[in-house]
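Reading through the structure tokens given below for one structure.
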Amino acid sequence: MVKNPFILFKMAVLKQLTSKEAIALENKYGAHNYHPLPVVLSRGEGVYLWDAEGKRYYDFLSAYSAVNQGHCHPKIIDAMTAQAKTLTLTSRAFYNDVLGKYEKYATTLFGFDKLLPMNTGAEAVETALKIARKWAYEVKGIKENEAEILVCENNFHGRTTTIISFSNDPVARENFGPYTKGFIKIEYDNLIALENALKNNANIAAFLVEPIQGEAGVYVPNDTYLIAAKALCETYNVLFIADEVQTGIARTGRLLATCGNCSCENKNCSGTPDVKADILILGKALSGGAYPVSAVLANDAIMNVIKPGNHGSTFGGNPVAAAVAMAALDVIQDENLAENAYVLGVLFRDELNKYIAKSNIVKLVRGKGLLNAIVINDANDSDTAWNICLALRDNGLLAKPTHGNIIRFAPPLVMTKSQLLDCVSIITKTLKQFEH
Ligand SMILES: *Cc1c(COP(=O)(O)O)cnc(C)c1O
């Protein structure tokens, strides 16, 4: 008979928890920095998730677009477990025999000279900001400590103290000051605001932008915005930094939303007005959701400002991350996920638009590829979107409201057409319950 209470506790932890027990544990022992939808997930495969009681759901969030390749993709998990059994971490104090292969693979695929490996999206954003500032002082010739970086209103770039310093989400900022200086906010999708900011200030180092504002509610800018913004940045010798942590890796129907001259072969890319970032930030689906992997890519003229000791991370560039990222990028290409996202995205918006034409509860659907959102026809502070997500859950589909009364729909890109149509029918059936 075991008496030690800690051993009893450990035995209890090993047994399969019910959903109720799992939620109670998180509530009591975990910090309350999230407000999860009440569903407890215990298994995933492809486009599906299963809860602790064995009920199956379509995943329509994909861990905020980290799981583009689908849950537990065998090719990614095989690469991860094989590498985990061989070598997991050396730190960058030494070389490892996987990182260089991955750096060559990713720079060739995305069309940049160099890659700087990190772990999370926020770290990669921080890295890009540091590179841009250093470039401003050492290459552009801005006076020390005077560089400024343009950012957009309603941006989301992560949660570090510097990043929240230039957020305008009060919940993300409140009582976390003093804030980091050196950022100027301008309106998103407004070229006049960008040009005014650039022409009146010689201290601008960079313009940081999301090709689509995901967290803000999937705001897709005007077709010409990114290309014209990049041209303005070139005119004023300002770095164009694309935060593609959410839009990248095939999510919007192309390998990147700012594809430039990358070497993907998605036929839907041709004919689209195109732009290539000076600094590209990737994360989330760079690992297919198997492992935290992020990266910053740039050409030598920019990346070479970084010298030994300037920047680093114990885990950044570890062999497991490198092996996982190569497998995750293989899957994107082998399974034509950019094209699939493009084709299914068009179908999804067409189908939802047919419903919306006679709906009181949904105002519109917008998005690109499989990054979409519906705007609910109710006050911004009402809980209608939350209640719709609860009903979607009951009907077997998981989605989460984003800012205001907006529901983001971002399934794994390995979805088939018939699965997508099945999901459309779950969504429209659920929305019908809320019509008035
Ligand atoms: C999720 C996200 C981040 C932050 O990534 P973390 O891995 O959560 O730190 C940064 N930028 C964008 C656009 C994101 O969607």
Item to check | residue 367 being on the phi > 0 side of the Ramachandran plot and in the same structural domain as residue 249 (by TED's automatic domain parsing) | outcome: no
Item to check | The listed residue being touching a Leu at 6+ places or on another chain (Cβ under 6 Å) and of a type in the set (A, V, I, L, M), out of 49, 99, 116 | outcome: 49
Next on the checklist: Condition (residue is of a type in the set (Lys, Arg), part of a helix (DSSP H, G or I) and modelled with pLDDT of 95 or more) applied to the stretch 299-309: is it met by at least one residue?
Outcome noted: no
Item to check | Selection count where residues are outside any loop (DSSP other than H, G, I, E, B), of a type in the set (Phe, Trp, Tyr) and more than 16 Å from the ligand (Cβ to nearest atom), scope the stretch 226-264 | outcome: 0
Checklist entry - Any idea how many residues of the stretch 376-390 are surrounded by 15 or more Cβ atoms within 10 Å (Cβ to Cβ) and either farther than 17 Å from residue 35 by Cα or not assigned by TED's automatic domain parsing to the domain that holds residue 420 (or both)? => result 3
Checklist entry - Given the residues 132, 106, which is the only one that is surrounded by 20 or more Cβ atoms within 10 Å (Cβ to Cβ), within 11 Å of residue 295 (Cβ to Cβ) and not basic (Lys, Arg)? => result 106
Next on the checklist: Six or more apart or on different chains, Cβ atoms under 6 Å: show the pairs whose first residue is in the stretch 286-297 and closer than 18 Å to residue 100 by Cα and outside the structural domain of residue 315 (by TED's automatic domain parsing) and whose second is β-branched (Val, Ile, Thr) and in a strand (DSSP E or B).
Outcome noted: none
Next on the checklist: Please return the ranges of helices (runs of 4 or more DSSP H) entirely within the stretch 62-173 where 1 or more residues are within 24 Å of residue 242 (Cβ to Cβ), more than 15 Å from the ligand (Cβ to nearest atom) and not hydrophobic (A, V, I, L, M, F, W, C).
Outcome noted: 99-110, 121-135, 170-173
Next on the checklist: Residues that are more than 22 Å from the chain's Cα centre (by Cα) and either within 20 Å of residue 277 (Cα to Cα) or hydrophobic (A, V, I, L, M, F, W, C) (or both): does the stretch 149-167 have at least one?
Outcome noted: no
Checklist entry - How about the stretch 417-436: which of its residues are in a helix (DSSP H, G or I), farther than 27 Å from residue 329 by Cβ and touching a residue at least 12 places away in the same chain (Cβ under 8 Å)? => result 421, 422, 424, 426, 427, 428, 429, 430, 431
Checklist entry - Tally time: how many residues in the stretch 188-219 are touching a strand residue (DSSP E or B) at 6+ places or on another chain (Cβ under 7 Å) and within 14 Å of the ligand (Cβ to nearest atom)? => result 12
Checklist entry - Within the set of pairs 6+ apart or on separate chains, which have a first residue in the stretch 222-233 that is of a type in the set (A, V, I, L, M, F, W, C), a second that is part of a helix (DSSP H, G or I), and C-beta atoms under 8 Å apart? => result 228/191; 229/191; 229/194; 232/191; 232/194; 232/195; 232/198; 233/198
Checklist entry - So how many residues does the stretch 314-358 have that are surrounded by 19 or more Cβ atoms within 10 Å (Cβ to Cβ) and not in a helix (DSSP H, G or I)? => result 4
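The values are calculated or read from the model by the stated rules, or taken from the named source; none is laboratory data. Quantities reported herein were computed from a predicted structural model and do not represent experimental measurements. Positions of Cβ are generated from backbone atoms using ideal geometry, with glycine treated the same way; all protein chains shown enter the neighbour counts.
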